[in-house]
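I have placed the structure first, in the form of structure tokens, so that the comments after it can refer back to it.
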Amino acid sequence: MKRILVVGSANMDLVVRTARLPKAGETLLGGEFMTAFGGKGANQAVAAARLGGAVHFAACLGNDAFGNLHREGLAGENINLDALKIDRDTPTGTAVILLTESGENTIVVAPGANNALLPDDIQALRDLFNTVDVVISQLEIPLDTVETTLRLARECGVFSILDTGPARPLSPATIALADLISPNESETETLTGIHVDSIESARTAACCLRDMGGKEVVIKLGKRGCLYLGQEEFYQPAFNIDAVDTTGAGDAFTAALAVAWGKLPVPEILLFANAAGALAAMVAGAQPSMPDFAKVTDFLKQRGAPVDWKTN
Ligand code: RIB
């Protein structure tokens, strides 16, 4: 069982379905409203646990109703919460999500307690770092906390994955701290200045990220699939699906990378991650949509792309 530490955010997602996005200054009558547990860190922790990882989650929630509910939800996923912090002075992070009929979303995050996860909280986890195989982080917590996480992972000899969402510019020094970085198309543009709208432009951007210090790069290309660049390059097309809600699909993808890394050849890891992301996009809500291991392997079999875990 892969031992995975996720250091990141936890939000309550407030989701409104709408036929289209409002213009500036416009009020729209929307459709259905739902709440769901979200936050890139928490989503990745839940996905990694459902995919078979033994997961620890380091995060910060507020001492409020959203925080209490989310903590219960995470505990019910068999995630170790010893590294979970509660901040009495700030509310739990929230995300306001507008979801269009095509399944695409726009998200505004009020980070709240996520900003109270500090470098010292991570430094205090050195013993935990020494017991895990992979550390994952994202950019929804303070940047110096992310950098401390990646540095500590390196000091402890633990493989680190940086999911670069939400889009923030990063210095080459920060990019170089991660063993693997995984941006989506818009995050890639923020990091490199290269607009990604094709496999070719993704390839150019991946080379640029390597020039900036990235060791291994996996660019999430949504409907186009994903592109890996390390010593070798692999492209894996996406599965053809009817997406109902893409919220959290990238988080399922990143968690699948963490679970499969080192256990399969890279092309099969990318297949497994594409399948996890596709399944997440076929169900509404962030954490409610995270698939488990059986669902992903069944999907791969149905699509004629079985991944053979036994021989690896
Ligand atoms: O990646 C999806 C997540 O982004 C949502 O769950 C929302 O909380 C934001 O963090």
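Using a Gaussian network model of the chain whose springs link C-alpha atoms within less than 10 Å, name the residue from G157, G41, G62 with the highest mean-square fluctuation.
Per the Cα network of the chain with a 10 Å cutoff, G157 tops the list.
In Å, what is the Rg of the alpha-carbon atoms in region 3-62, and how long is Dmax?
15.9, 48
How big is Rg to Rh over the chain, alpha-carbon atoms, Rh as the Kirkwood inverse-mean-distance radius?
0.94
To one decimal place, what orientation-averaged projected area in nm² is obtained for the convex hull of the Cα set of region 51-137?
Seen from a random direction, the Cα hull of region 51-137 projects 7.2 nm² on average.
If the chain between L143 and D197 were fully stretched, how many nm would it gain, using 0.36 nm times the residue separation less the Cα-Cα distance?
My answer for the length gained is 16.7 nm.
How much FRET efficiency would the formula 1/(1 + (r/R0)^6) give for T204 and D89, where r is the Cβ-Cβ distance and R0 is 45 Å, rounded to 0.05?
About 0.50, to the nearest 0.05.
Counting pairs of alpha carbon atoms under 8 Å apart in space and at least six apart in sequence, what relative contact order in percent does the chain give?
The value is 17 percent.
Under 19 Å from the Cα of K2, which aspartates and glutamates turn up, not counting those fewer than eight places away in the same chain?
E77, D82, D127, D133, D163, D179, D251, E268, D292, D308
Every number here is computed from the coordinates shown, using simple stated rules; none is lab data. As the structure is a prediction and not an experimental result, all values here were calculated from the model. Cβ coordinates were reconstructed from backbone atoms using ideal geometry, including for glycine residues, and neighbour counts include every protein chain displayed.
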